[in-house]
Amino acid sequence: MDIKGNCIASITDEHGPIYVYQTRTSRILSFDGKIYQSSMKLNNINGLDLGYTQAMMAGLFFIPKIKTATVMGLGAGSMAKNLLSSFSELNVHAVEYRAAVVTTAKKHFHLPETKRLSIHIDDAVSYIKNTDIKSDIIFSDLYNSKGMEPKQVQSSYLHHCKNALNKHGVLVLNIWHTALKSREELDELLAIEFENRLLSFEVKSGNTIVLAFKNDIPLIKREELLAKSQWLDDKMNISIQGYAKSLGDIQNL
């Protein structure tokens, strides 16, 4: 099914095409004209339009004060923009393999020029293996026009993500339309690397969000978890209270 809207820009690099579509209310980034890579409301350029991106912010429930975040897979920059606009002292590192995607995000999706945003044009596996930066949270959303990048299902990638987290850091992964074999392999690798310190929940869109903890999962009282979700809802202009309830149920809080 083709994306509805007018194609207002397109560019092709060595990896293929990049399209920008616009509807009456939104601007959309796509690599194939069918699947959304990112979406931005024209009246809320720093918001998170796609539900799964809001759901990924549930990882913030478990971080007392966020100072450094890494986004693996910039896309149109929705998560980076939302984090930067919500937390004035936060530094964000965004890793994107395609320089043309970064150019598109800046030109058509209001990705800001700020010292608090560092963009790394690099392969995700190479970057995370070699970085000295320690993050409180790493968001891994590695997808191309064919689906989830195989990089996200590698023990070495998960191992280096874990090493790049601060002591109480969280790796947040988005899993969507993944073949059963790849999903089972990823689940097994995560369980081994993170010693079963995992929480996951489903999103209405069909995505699964996995939270992988470098050390023990913090035990947060249900009331505190709900209060934190309300605070994040207001601060980030998102809706994630339902996920706080789900995680509370999983932990029997």
Residue tally, condition among the charged types (D, E, K, R) and outside any loop (DSSP other than H, G, I, E, B), over region 118-132: 1
Odd one out for L253, checked against (1) in a strand (DSSP E or B); (2) of a type outside the set (D, E, K, R); (3) at pLDDT below 90: (1)
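Residue-wise test of (1) modelled with pLDDT of 95 or more; (2) under 21 Å from I240 (Cβ atoms); (3) not in a strand (DSSP E or B).
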{"position": "D2", "(1), (2), (3)": "no, no, yes"}
{"position": "A9", "(1), (2), (3)": "yes, no, no"}
{"position": "Y19", "(1), (2), (3)": "yes, no, no"}
{"position": "R24", "(1), (2), (3)": "yes, no, yes"}
{"position": "I28", "(1), (2), (3)": "yes, no, no"}
{"position": "M40", "(1), (2), (3)": "yes, yes, no"}
Those residues of region 88-101 which are of a type outside the set (K, R) and over 17 Å from I45 (Cβ atoms), in sequence order: S88, E89, L90, N91, H93, V95, E96, Y97, A99, A100, V101
In region 197-215, the residues that are of a type outside the set (A, V, I, L, M, F, W, C) and either part of a strand (DSSP E or B) or modelled with pLDDT of 95 or more (or both): R197, S200, E202, T208, K214, N215
Failed condition for T178, given (1) modelled with pLDDT under 95; (2) more than 16 Å from the chain's Cα centre (by Cα); (3) surrounded by 15 or more Cβ atoms within 10 Å (Cβ to Cβ); (4) more than 28 Å from I28 (Cα to Cα): (4)
Sole exception among (1) modelled with pLDDT under 95; (2) aromatic (F, W, Y); (3) more than 23 Å from D132 (Cα to Cα) for Y97, by number: (3)
Condition met for L111 (within 15 Å of I66 (Cβ to Cβ) and either among the acidic types (D, E) or surrounded by 14 or more Cβ atoms within 10 Å (Cβ to Cβ) (or both)): no
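Residues checked against (1) surrounded by fewer than 24 Cβ atoms within 10 Å (Cβ to Cβ); (2) under 24 Å from I121 (Cα atoms); (3) of a type in the set (G, A, S):
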| residue | (1), (2), (3) |
| --- | --- |
| N46 | yes, yes, no |
| M57 | no, yes, no |
| T70 | no, yes, no |
| L74 | no, yes, no |
| S86 | yes, no, yes |
| L90 | yes, yes, no |
Total residues in region 102-116, condition in contact (Cβ under 8 Å) with a residue 12 or more places away in the chain, farther than 15 Å from I45 by Cβ and of a type outside the set (S, T, Y): 2
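The values are calculated or read from the model by the stated rules, or taken from the named source; none is laboratory data. Since the model is a prediction, treat every value here as computed from it, not as a measurement. Cβ atoms come from the backbone with ideal geometry, glycine included; neighbour counts cover every protein chain shown.
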